[in-house]
Amino acid sequence: MKQWRRYVWPFVWGAWSVLIVLQIILSFFLHNRAGLPIFRHVGWITMAVSAVFGWLPIFAFRKKGRVLKRRSYIQTTVLVDSGIYAVVRHPQFLAGILLSLALILITQHWLIATIGVVAVVLNYFIALKADQELIEKFGDDYKRYMQKVPRMNFLAGLIRLATT
């Protein structure tokens with residue numbers, strides 16, 4: 001790996017973190033008062049779905065990931081491929097994307113939308129990087145898992161589950 005890449009990913013992660021916090025804070029102040037109520041309703045539903053994808057992985061990793069005591073829930077020692085992880089490989093990255101989209105729909109403000117689009121793109125690139133790191137950690141088992149479970153397309157993941 002080229003030396004400069006070691007510094008790019010922390011920057012991308014940091015930029016995403018700043019953007020999502022900025023988007024959340026600005027959402028309290030910026031609203032398109034003439035916006036469409038249906039988009040607001042869809043935004044709140046999207047936010048609820050985001051919360052599900054954001055919180056379920058914590059319980060799944062604690063229960064099935066063989067996390068050592070006093071370690072972060074993301075420090076699993078085995079590959080978790082059941083529960084929410086049978087639907088999508090990166091539910092928390094999906095939660096971040098859905099949160100940005102929800103804030104765009106709720107506020108219907110151009111600045112929130114601009115920040116949100118950039119945050120979504122960065123979040124997607126972070127998920128791509130996570131796949132590379134998980135291949136290094138779990139090897140062929142993770143490659144097989146990648147072939148079965150979509151990265152973040154939860155509709156495809158649910159359909160796959162329903163048909164298998």
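The values are calculated or read from the model by the stated rules, or taken from the named source; none is laboratory data. Please read all numbers here as calculations on a predicted model, not as lab measurements. With ideal geometry, Cβ positions are generated from the backbone for all residues, glycine too; neighbour counts draw on all protein chains shown.
How about segment 63-110: which of its residues are surrounded by 14 or more Cβ atoms within 10 Å (Cβ to Cβ), under 17 Å from H31 (Cβ atoms) and more than 20 Å from the chain's Cα centre (by Cα)? Result: T107, Q108, H109.
Okay, residues lined up against (1) aromatic (F, W, Y); (2) more than 19 Å from A113 (Cα to Cα):
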position	(1), (2)
W13	yes, yes
W16	yes, no
N32	no, no
G54	no, yes
I58	no, yes
L68	no, yes
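Mind checking which residues of segment 67-99 are at positive phi and at pLDDT 90 or above?
G83
Can T46 be described as among the polar types (S, T, N, Q), more than 22 Å from I97 (Cα to Cα) and touching a helix residue (DSSP H, G or I) at 6+ places or on another chain (Cβ under 6 Å)? Before you say what the answer is, go through the steps one by one.
Numbers: among the polar types (S, T, N, Q): yes; more than 22 Å from I97 (Cα to Cα): no; touching a helix residue (DSSP H, G or I) at 6+ places or on another chain (Cβ under 6 Å): yes.
Spelling it out, it is not the case that T46 is among the polar types (S, T, N, Q), more than 22 Å from I97 (Cα to Cα) and touching a helix residue (DSSP H, G or I) at 6+ places or on another chain (Cβ under 6 Å).
With A162, A113, A119, A156 as the choices, which residue is of a type in the set (G, A, S), over 27 Å from V8 (Cα atoms), modelled with pLDDT of 95 or more and assigned to a helix (DSSP H, G or I)? Please lay out each step first, then the result.
On the way: A162 fails: modelled with pLDDT of 95 or more; A113 fails: over 27 Å from V8 (Cα atoms); A119 fails: over 27 Å from V8 (Cα atoms).
Of A162, A113, A119, A156, the one residue that is of a type in the set (G, A, S), over 27 Å from V8 (Cα atoms), modelled with pLDDT of 95 or more and assigned to a helix (DSSP H, G or I) is A156.
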